[in-house]
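K.L.:
Before I ask anything, here is the structure I am working with.
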């Protein structure tokens, strides 16, 4: 059964990978399993791209209250005490 807005594709997998996929997902559940994995990986890649773009936007000079792990821990502890 094919869902609306879906396209059937062919992919080539190493036999051992296909066997493992069938062990985990079952041979009749390949597509949903692979779709879920692709979604997760695309989301992870997008997040990495965003993090890379934001990298360096905060500097120790701009935020001296967060320039050490101890200061960050103290800040987080104070936030938790407020709740």
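Values quoted throughout were computed directly from the atomic coordinates according to the rules given, and no laboratory measurement underlies them. Note that the structure is a prediction, hence the values are computed from the model and not measured. Glycine gets a Cβ as well: all are built from the backbone with ideal geometry, and neighbour counts include every protein chain shown.
K.L.:
Just to verify a number: FRET efficiency for residue 58 and residue 3, C-beta to C-beta distance, R0 = 41 Å, to 0.05?
P.N.:
0.45
K.L.:
Compute the angle between helix 30-54 and the longest alpha-carbon principal axis of the chain, please, reported from 0 to 90 degrees and rounded to the nearest 10.
P.N.:
Helix 30-54 and the main axis of the chain meet at about 30 degrees.
K.L.:
By how many degrees, 0 to 90 and rounded to 10, does the Cα axis of helix 69-82 deviate from the longest principal axis of the chain?
P.N.:
It is inclined by approximately 90 degrees.
K.L.:
Taking the chain as a Gaussian network, where each spring joins two C-alpha atoms under 10 Å apart, which residue of 48, 13, 37 fluctuates the most?
P.N.:
13
K.L.:
Moving on. Identify which of 72, 11, 50 has the largest mean-square fluctuation in a Gaussian network model of the chain, with springs joining Cα atoms closer than 10 Å.
P.N.:
Residue with maximal mean-square fluctuation among 72, 11, 50: 11.
K.L.:
Give, in nm to one decimal, the length gained when the segment between residue 15 and residue 69 is fully stretched (0.36 nm per residue of separation minus the Cα-Cα distance).
P.N.:
Computed gain between residue 15 and residue 69 is 14.7 nm.
K.L.:
What is the spin-label model distance, in nm, from residue 24 to residue 77 if the labels are put 7 Å beyond Cα along the C-beta direction?
P.N.:
About 4.0 nm separates the two model spin labels.
K.L.:
Relative to the longest principal Cα axis of the chain, at what angle does helix 15-25 sit, 0 to 90 degrees, rounded to 10?
P.N.:
Roughly 70 degrees between the two axes.
K.L.:
Just from the alpha-carbon atoms, what are the Rg and Dmax of the chain in angstroms?
P.N.:
Considering the chain through its Cα atoms, Rg and Dmax are 22.3, 58 Å.
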